[in-house]
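The values are calculated or read from the model by the stated rules, or taken from the named source; none is laboratory data. Since the model is a prediction, treat every value here as computed from it, not as a measurement. When we count neighbours, we look across all protein chains shown, and the Cβ atoms used for this are built from the backbone with ideal geometry, even at glycine. Side chains included, ligands, DNA and RNA excluded: accessible areas come from the protein's heavy atoms. Shrake-Rupley method; radii C 1.70, N 1.55, O 1.52, S 1.80 Å.
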Amino acid sequence: MKNPLDLVNNTILIIYFALAVATPLIFTTATTELYEVPKMFFVYFCAVILFSLTLLKITITKKLEIPRSKSLLALIAFTFVILISTITSTDRYLSTFGYPTRLNGGLLSQIAYLVIFIAALINLSREKARSVLLALVIGATAVSIWGIPSHFGLDPTCFVLTNELTSACWQKEFNPILRIFSTLGQPNWLASYLVLILPFSIAFSIFFKNQKHRIFFGVCSVLIFWALILTNSRSGFLGLGASLIVLFILLGIKTVKENLKIITALTIIFLVLSLFFLAPLTSRLKDAFQNSKVDPISATQSSSPNIASSAGPTESGQIRLIVWRGALDVFSHWPIFGSGPETFVNTYYLYRPIEHNQTTEWEFFYNKAHNEFVNYLANTGFFGIFSFLAFLLFAFLELLQVAKLKENVSILTKAAIAGASGYLVTIFFGFSTVATQTVFFLITASIILFNSKQQKIKINFKFLENANFKKISFFTVFFLGLFSLVFILRLTIANILENNAQSSQNFAKQTRTYKNALTTSPAKNPYLMTNFAFDLASYLEKEENQQNKNLIAKEVVAQIENAISESPNNYLVLQRAVKTYVLLINADQKYSQQGINLGTKLTSLAPTYPISYLTLAKIQIATDNLSDAQKNIEKVLTQKPDYLEAKELLDQITAKPLQ
């Protein structure tokens, strides 16, 4: 019979391989979002299994050994700050679970990453850590192979979704022929992920002396580089440049000369690929440079049908500057522990600069500040950004310490430093995702394990030598693992049920599925509640039986009240609730005052956002309060004079022709 400890160790290693290879490749239409949500659920499951198996291993061996690492202490401190920030959050649901279509960034995700990091330090040997890095390169190569054909109109994802090998299944703004995103979901996210791993692929082509291995990792490097430039990501390009510069500085002239053949071959191929495929990216960089000299207020009008003019889109760099300014205002109001993890989607509305209304992305909501550091500053305050920077500092110091060792693995350590440097550049202009967070923590933990001089903390649990205590420990581990697994399973199933409900066209089935989702969810989900309420209210117009109408309306009001009670300061939840009340008022005027109260609160949560006042105006029109509606529409046009829908609505209630 196989040794139970060997079985535990082998299973743990398989989980790490799965995290490295499967995480970036996962996508499904079964969940409410195609890419990030299923990836996060997968990481949750892996973290729970690692947590349970690690405790089981400690119980079996009666001891714990873990490297003495300052970066680990800093990461624990950062997670503790996230916990405190969640407790004091302006929206605890968001801070715990993350924004519904992203999930990454909430307390739950941070705990999962901490478990993955600690379990790696406890369970992986130096050889296993190197095999995990190899798996990361394999995963990135697979992602690249999946993504590259989409540039040529042959997207494998479209084939999975529609049974047609084409790139035409995407909306115009997500055309992979222009910018590939493979299985990551967005070009910048793909670029950030590949920037992290490309240095390893190059390093392995140097690390191995076997010619076949060198050729294999050389081909991997070419594919990853090719996919990276096909993202046409400016932040990815800057990150790529930073990572390659750092890599070759750290490798030094001696290493380059010793491996001149493979490095020269890769350089030539990279240059050829750049010559053929880099033109769109250089054009975007040129546009960004030119547009940075133009005043974003005077030079940008939206091409949206809601806008009267249709000049070109606002340069994204200019929009970022506006968003960052709003984020700094958020920080100034919650300077200690921030407004709470992942609450930027709410708090930005409170301090959103009025200039944002003159950009082509004025209607968009921002669940991130599009700068990881500014995002942490706004969401987790001084202590959050300080502990995050402390983790990065200690991680880099530990990586540099390993890089100085005169061993073969120092090449891989230098690749880690290069990849991390490039990655930090990309998230300065964007934000982390499930795949990049998972990879970053796997890389950092693996390199720490390369340090042969690293001291270890050793703890012996002598009480486990007692048979009774050992049984109690086994049962405790089993129930902790089972509870955690059921919790994540309920989250996943509730999300799948919500997705099924949203796509259902049958009232009875939709209602039943929504109720099942609410029952299954381990926490009260305000987004799920308001979606249920809105879809219920949509049937009021079709329902002829007054008694049934009353029952539906009663259920709608109950769901809205529960949602607002759970997240009273959540703009998007409240906006959905107000739109639901418009439907209720059309069915029965007795809900007028409640709707107006919610609409008024909506404007207080987003005082510079024209849509909040327009939404209130619509509910006032539904209650025949035309004078107040007119005042709010005029307020809209003060904030955004070219808002065509507001102009048309004002003309309708004042009976004047459109000017």
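Here are a few things to note about the model shown:
- Just one of the listed residues (Ser167, Ser150) is in contact with a Pro (Cβ under 6 Å, 6 or more places away or on another chain), more than 28 Å from Ile12 (Cα to Cα) and not in a loop (DSSP other than H, G, I, E, B), and it is Ser150.
- Selected residue [on the phi > 0 side of the Ramachandran plot and either of a type in the set (Val, Ile, Thr) or modelled with pLDDT of 95 or more (or both)] from Gly381, Gly419: Gly381
- Filter result for Tyr376 (of a type in the set (Phe, Trp, Tyr) and in contact (Cβ under 8 Å) with a residue 40 or more places away in the chain): no
- Residue count for segment 617-629 satisfying the condition of being within 22 Å of Gln358 (Cα to Cα) and either open to solvent by 10 Å² or more (accessible area, probe 1.4 Å) or of a type in the set (Phe, Trp, Tyr) (or both): 0.
- Inter-residue pairs, beta-carbon under 6 Å, first touching a residue at least 24 places away in the same chain (Cβ under 8 Å) and in segment 320-333, second among the β-branched types (Val, Ile, Thr) and part of a helix (DSSP H, G or I), 6+ apart: Trp324/Val374; Ala327/Val374; Val330/Thr347
- Taken together, the residues in segment 354-374 that are open to solvent by less than 10 Å² (accessible area, probe 1.4 Å) and either aromatic (Phe, Trp, Tyr) or closer than 12 Å to Leu328 by Cα (or both) amount to 3.
- Only one of Thr603, Thr608 that is closer than 20 Å to Phe364 by Cα and part of a loop (DSSP other than H, G, I, E, B): Thr608
- Residue identified as open to solvent by 30 Å² or more (accessible area, probe 1.4 Å), within 20 Å of Thr29 (Cβ to Cβ) and among the charged types (D, E, K, R) among Lys471, Lys549, Lys515, Lys509: Lys509
- Applying the set (1) part of a helix (DSSP H, G or I); (2) free of Cβ contacts under 8 Å to residues at least 60 places away in the same chain; (3) open to solvent by 40 Å² or more (accessible area, probe 1.4 Å); (4) over 18 Å from Tyr349 (Cβ atoms) to Leu649 leaves exactly one unmet item: (3).
- Residue match in segment 638-656 (condition: farther than 24 Å from Thr359 by Cβ and touching a Phe, Trp or Tyr at 6+ places or on another chain (Cβ under 8 Å)): no
- Residues of segment 444-454 that turn out to be open to solvent by 10 Å² or more (accessible area, probe 1.4 Å) and either closer than 17 Å to Trp189 by Cβ or touching a strand residue (DSSP E or B) at 6+ places or on another chain (Cβ under 9 Å) (or both), as a count: 3
- The sole residue among Ile177, Ile148 that is hydrophobic (A, V, I, L, M, F, W, C) and modelled with pLDDT of 95 or more is Ile148.
- Thr29 meets the conditions (1) within 20 Å of the chain's Cα centre (by Cα); (2) of a type in the set (S, T, N, Q); (3) open to solvent by less than 50 Å² (accessible area, probe 1.4 Å); (4) under 30 Å from Thr183 (Cβ atoms) in every case but one. The failed one is (3).
- Residues that are of a type in the set (Gly, Ala, Ser) and under 22 Å from Arg179 (Cα atoms), drawn from segment 210-253: Ser221, Ala227, Ser233, Ser235, Gly236, Gly239, Gly241, Ala242, Ser243
- Enumeration of residues in segment 212-261 that are among the aliphatic types (A, V, I, L, M) and over 19 Å from Ser144 (Cβ atoms): Leu238, Ala242, Ile245, Val246, Ile249, Leu250, Leu251, Ile253, Val256, Leu260
- Selection of segment 125-161 for residues being within 20 Å of Lys414 (Cβ to Cβ) and of a type in the set (A, V, I, L, M) yields Ala129, Val132, Leu133, Leu134, Ala135, Leu136, Val137, Ala140.
- Some residue of segment 96-104 being open to solvent by 40 Å² or more (accessible area, probe 1.4 Å) and either among the aromatic types (Phe, Trp, Tyr) or farther than 17 Å from Ile488 by Cα (or both): no
- Any chance Ile111 is open to solvent by 10 Å² or more (accessible area, probe 1.4 Å), among the β-branched types (Val, Ile, Thr) and outside any helix (DSSP H, G or I): no
- Criterion violated by Ile459 - all others in (1) surrounded by fewer than 21 Cβ atoms within 10 Å (Cβ to Cβ); (2) part of a helix (DSSP H, G or I) satisfied: (2)
- Residue pairs meeting the criteria (Cβ under 6 Å; at least 6 apart or on separate chains; first farther than 10 Å from Pro610 by Cβ, in segment 630-643; second of a type in the set (Val, Ile, Thr) and open to solvent by less than 20 Å² (accessible area, probe 1.4 Å)): Asp642/Ile307
- Only one entry of Ala415, Ala395, Ala420, Ala403 meets the criterion of being open to solvent by less than 40 Å² (accessible area, probe 1.4 Å), under 27 Å from Phe225 (Cβ atoms) and in contact with a Lys or Arg (Cβ under 7 Å, 6 or more places away or on another chain), and that entry is Ala403.
- From the options Lys209, Lys261, residue that is free of Cβ contacts under 8 Å to residues at least 60 places away in the same chain, in a helix (DSSP H, G or I) and open to solvent by 50 Å² or more (accessible area, probe 1.4 Å): Lys261
- All positions within segment 12-48 that are without any contact (Cβ under 8 Å) to a residue 60 or more places away in the chain and under 22 Å from Phe487 (Cβ atoms): Ile15, Ala18, Thr28, Pro38, Phe42
- The lone exception for Leu497 - which of (1) open to solvent by 30 Å² or more (accessible area, probe 1.4 Å); (2) within 32 Å of the chain's Cα centre (by Cα); (3) under 30 Å from Leu55 (Cα atoms); (4) free of Cβ contacts under 8 Å to residues at least 40 places away in the same chain it fails: (3)
- Within segment 508-533, residues that are of a type in the set (D, E, K, R) reach partners that are open to solvent by 30 Å² or more (accessible area, probe 1.4 Å) with beta carbons closer than 7 Å, at six or more positions or on different chains, in the pairs Lys524/Asn562; Lys524/Glu566.
- Pairs linking a residue in segment 168-195 that is small (Gly, Ala, Ser) to a residue that is open to solvent by 40 Å² or more (accessible area, probe 1.4 Å) and part of a helix (DSSP H, G or I), with Cβ atoms under 8 Å and 6 or more positions apart or on different chains, are Ser182/Trp146; Ala191/Phe237.
- Look at segment 457-468: where a residue is among the aromatic types (Phe, Trp, Tyr) and a partner is open to solvent by less than 100 Å² (accessible area, probe 1.4 Å), sitting 6+ places away or on another chain with Cβ atoms under 6 Å, you get Phe461/Lys62.
- For Ser201, the stated conditions hold: it is open to solvent by less than 10 Å² (accessible area, probe 1.4 Å), over 26 Å from Val37 (Cβ atoms), at pLDDT 95 or above and touching a helix residue (DSSP H, G or I) at 6+ places or on another chain (Cβ under 8 Å).
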